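A quick write-up on the structure given underneath.
Every read-out reported here was derived from the displayed coordinates using simple, explicitly stated rules and does not represent laboratory data. Just so it is clear, the structure is predicted and the values come from calculations on it, not from any experiment. Please note: Cβ atoms are built from the backbone with ideal geometry, for glycine as well, and neighbour counts cover all protein chains shown.
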Amino acid sequence: MISVEQSTRLLFDSTPDSAHREQMSETVRYVDIHFETKKGTVKETLLGLIEVKQKDAASIVEVICNQLEKDNMPLKYCRSQCYDNAPVMAGHKSGVQQSIIEKNSKAVFVSCENHSLNLAGIQTASEELVTVTFFGTLDALYNFFSRSTMRWDKLRKAMPITLKSESETRWSAREEAVKPICHHFDDLVILLE
């Protein structure tokens, strides 16, 4: 159980789910202090998913504040907030972070560097013709095998790991798409022949 007296960092991120509903994850990062040993441990806990109907800053702030109230976590104990760099979230005039700071000046905004790094990787990969062709070929291979249950079954028998779809939004998913090709290229060529 997270004590409301602990200072926390709010982390909210949203994405459409498989049913095409916008889902926002609610995560808190906090320091759990063991007073006898005088040691602290940084912990991060996913509290849940919240369906979001509107994606404007005011609506998102309302959802966040309502959820914190339901969780019995007063906003006054929040010491930082972390979002991606989308203007609706990070905007310094009308973004979610600015509205939260107006409610609690101690809730300092910290940009999510993972999102920034991910965007840099995706942008870089989309600029070079060789990279675009490479990932396009990976995606074509995935589509070729995944659109037929018989072909997919032959693929699974030929390789211990299966092909993955390229992701346009997650750089780490592109890495996962490369692994089967890298480790089992010869098996894949034999199968295609």
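Please work out, to two decimal places, the log10 of the ratio I(q)/I(0) at q = 0.12, 0.16, 0.24 Å⁻¹ from a Debye calculation in which every Cα of segment 8-111 carries one identical scatterer. Per q value, in the given order, log10 I(q)/I(0) is -0.40, -0.69, -1.40.
Subtracting the Cα-Cα distance of L129 and E69 from 0.36 nm times their residue separation leaves 16.6 nm of extension gain. Summing charges over all other residues whose Cβ lies under 13 Å from the Cβ of E22, with Lys and Arg as +1 and Asp and Glu as -1, gives -1. The count of lysine pairs in the chain that are at least 8 places apart or cross chains, and whose C-alpha atoms lie under 22 Å apart, stands at 18.
Distance between the modelled labels on S165 and K106, one decimal in nanometres: 4.5 nm (7 Å Cα→Cβ projection).
Helix 57-70 and the longest principal axis of the Cα set of the chain meet at an angle near 70°.
The slack in the chain from L119 to E22, taken as 0.36 nm per residue of separation less the alpha-carbon distance, amounts to 32.9 nm. In segment 117-192, taking the dipole from charged Cβ atoms about the Cα centre, the farthest positive-side position among T149, L163, A177 is held by T149. Per residue, the average separation of C-alpha pairs within less than 8 Å and at least 6 apart gives segment 10-77 a relative contact order of 24 percent.
Here is the tail figure for the chain: Cα pairs spaced more than 31 Å apart come to 39 percent of all pairs.
Toward the positive end of the charge dipole of segment 8-111, with +1 on the Cβ of Lys and Arg and -1 on the Cβ of Asp and Glu, the farthest Cα among S59, I33, T15 is that of I33.
Here segment 117-192 is treated as an ellipsoid with the same Cα gyration tensor; its semi-axes, largest first and in whole Å, are 24, 11, 11.
Rounded to the nearest 10 degrees, the angle from helix 171-183 to the longest Cα principal axis of the chain is 30 degrees.
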